[in-house]
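**Q** Dropping a structure here in structure tokens format, bear with me for questions.
Here, each number is a calculation from the coordinates, and none is a lab measurement. If you're wondering where the values come from, they're calculated on a predicted model, not measured in any experiment. Cβ placement follows ideal geometry from the backbone for every residue including glycine, while neighbour counts extend to all protein chains displayed.
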Amino acid sequence: MTATAARAERQFDLIVIGAGPAGAAAAHVAASQGLRTALVDKRRFPRPKLCGGGITGRAMSHYRDIFEQNQPNVPLVTCRDLSFFAFGQDLGTDHNAPPLHLGMRITFDAHLVALALRAGAEDFTGQTGALDTSATALDIAGMRLTAPVIIAADGVNSPTARQLFGSAFDRTKIGFALEVETPEIAPDKPLRIDFGAAEWGYGWRFPKTGSTTIGLGGVMSRNTDMKAALAQYLDRLGADPTQPPKGQFLPFGAFRKTPGRGQILLAGDAAGLVDPITGEGIAHALHSGSLAAQATIAALKAGRPETALALYQQKIRPIHRGLQHAGMLRQIIFRPQFRRTFIKSFQNSRTLRGEYLRLLAGQTEYAPIMRHMALRLPGFGLKVLREI
């Protein structure tokens, strides 16, 4: 008898690997619609997670749609004062901006997992397993979980993506982030974003309940000493530059055009769905997890689980399009020849600033910002307008 045959087999309609925002959203949507859903993660929750913890209006909108609650029942600081800087220049502070909510992932993610389990997903957190891609099965703890579809939301270092594609990400495009939690409690200070605090990246100061998160992220290949850059940024903000940081890869919009293979779908960071300008990933994680679950539900209802990936790819196309536009705008922000125009535009144009704030609120996409910048950079604008 083989080792596989000796395992007890559990059959599900869907297996979700990874219980962060993307995985919890996928499990919740699927279980709420009656799918027998297994939620698997190598960690038990609550668990710490490196992240700025910014929950934008876009993310909150997806949260409401998916979990049918007005706001997560976790400690949050709501900021309406947003200060912007670029390459050392003050771009001004926007008061009474659309709200941006700041919280700790240790409580936020645990809350999402609890909602998914309450909806009926079966708890397999705290367990690791071996994925059998040929059989859409997962071997864990003496048993084999099988399902016609698997959604892998197992993060930027996705073991599933490595197994499917040979690597989890492209090292020439991947970003890297460092951050510290300072004891400073300053909810009255504006949320701060510094474009260019790292090469082709940004810095942030997020005031939260009980602490302030200060971090720095940028394209890894362009930043040879991110620790030194973070120390300089901490010093600039008046924080202790000797604090030991924590680091994490950041998939800066280098998304997979085909988010999966066969009957295995990738969502969230595993699919590279992170905004290449702001670094926001929570909104796209929630949204993509939900869309992957919806595609799975439709495919199983039709009796054709092999169509789940194609359905998902169609549903996720607007996210891909937005990330493509953000990638083009990043060229304007960070290329030296366009930098001055971006700074002047952001300082002087109420329209551009307003569109950016509406973007964070989930009220618009990057296309209107691109059109606005295209008018100020005619040469670059011709290329932009062809794309949008």
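**Q** Given the options Gly20, Gly196, Gly142, which has the most mean-square fluctuation in a GNM of the chain, springs set between C-alpha atoms less than 10 angstrom apart?
**A** So, out of Gly20, Gly196, Gly142, the one fluctuating most is Gly142.
**Q** Now for a different question. Counting Lys and Arg as +1 and Asp and Glu as -1, what is the net charge of the other residues whose Cβ lies under 12 Å from the Cβ of Gln248? Walk me through the numbers before you get to the answer.
**A** Working: positive: Lys49, Arg105, Lys246; negative: Glu179, Asp269.
So the environment of Gln248 carries a net charge of +1.
**Q** Next question. From the phi angles alone, apply the Karplus equation (6.51, -1.76, 1.60; θ = phi - 60°) to region 46-60 and give each ³J(HN,Hα) in whole Hz, x where the residue is Gly or Pro.
**A** x, 9, x, 8, 5, 5, x, x, x, 10, 6, x, 4, 5, 5
**Q** In the set (i) 29.2; (ii) 17.9; (iii) 18.9, which value of mean projected area of the Cα convex hull in nm² was calculated from the structure you see?
**A** So the calculated entry is the one marked (iii).
**Q** Can I ask one more? Cα centroids of region 270-339 and region 68-125: how far apart, whole angstrom?
**A** 19 Å
**Q** Sort 79-88, 355-364 by the packing proxy (mean of other Cβ within 10 Å over each peptide's residues), most packed first.
**A** On the way: 79-88: 17.5, 355-364: 19.1.
Output ranking for 79-88, 355-364: 355-364, 79-88.
**Q** Once each part is reduced to its C-alpha centroid, what is the distance from region 198-268 to region 126-160 in angstrom?
**A** 28 Å
**Q** Could you pull out the trypsin sites (Lys or Arg not before Pro) across region 255-322 that fall in loop regions by DSSP (anything but H, G, I, E, B) with no more than 11 other Cβ atoms inside 10 Å?
**A** Details: sites: Arg256, Lys257, Arg261, Lys301, Lys315, Arg321; in loops: Arg256, Lys257.
Hits after loop and neighbour filter: Lys257.
**Q** Please report, to two decimal places, log10 I(q)/I(0) for region 165-231 at q = 0.11, 0.18 Å⁻¹ as given by the Debye formula with identical point scatterers on the Cα atoms and no solvent.
**A** For the requested q values the scattering log ratios are -0.31, -0.69.
**Q** Then there's this: Rank by packing, highest mean first: peptides 207-216, 50-59, with packing defined as the count of other Cβ atoms within 10 Å averaged across residues. Don't jump to the answer; show the numbers that get you there.
**A** Numbers: 207-216: 21.1, 50-59: 22.9.
Going by the mean number of other Cβ atoms within 10 Å, highest first, we get 50-59, 207-216.
**Q** Then there's this: How large is ³J(HN,Hα) for each residue in region 27-36, as worked out from phi by the Karplus curve 6.51 cos²θ - 1.76 cosθ + 1.60 (θ = phi - 60°), to whole Hz, x for Gly and Pro?
**A** Per residue, the Karplus-derived 3J(HN,Hα) values read 5, 5, 4, 5, 5, 5, 9, x, 6, 6 Hz.
**Q** Right, next: What Kirkwood Rh does region 129-249 have if only Cα atoms enter the pairwise 1/r average? Answer in Å.
**A** On the way: mean 1/r = 0.0593 Å⁻¹.
Kirkwood radius, region 129-249: 16.9 Å.
**Q** Show the residues, 5+ positions off or on another chain, whose built amide H is closer than 5 Å to the amide H of Glu280.
**A** The answer is Asp275.
**Q** Per residue of the chain, what 222 nm ellipticity follows from adding -39500 (n - 2.57) for every DSSP H run with n ≥ 4, rounded to the nearest 500? Could you put the intermediate results ahead of the total?
**A** On the way: 13 runs with 150 residues, N = 388.
Taken over the chain, the calculation gives -12000 deg cm²/dmol.
**Q** Moving to a separate point now. Where both residues lie in the chain, what percent of DSSP beta bridges are antiparallel, nearest 5?
**A** 65 percent
**Q** Another question, then. List the residues whose amide H sits under 5 Å from the amide H of Glu122, counting only those 5 or more places along or on another chain, with H placed 1.01 Å from N in the peptide plane.
**A** For Glu122, whose amide H was placed from the backbone, the distant partners under 5 Å are Thr37, Ala38, Leu39.
**Q** Quick one: which residues, 5+ away or cross-chain, put their amide H under 5 Å from the amide H of Gly260? H built at 1.01 Å from N.
**A** Under 5 Å from the amide H of Gly260 lie the amide H atoms of Leu266, each far enough along the sequence or on another chain.
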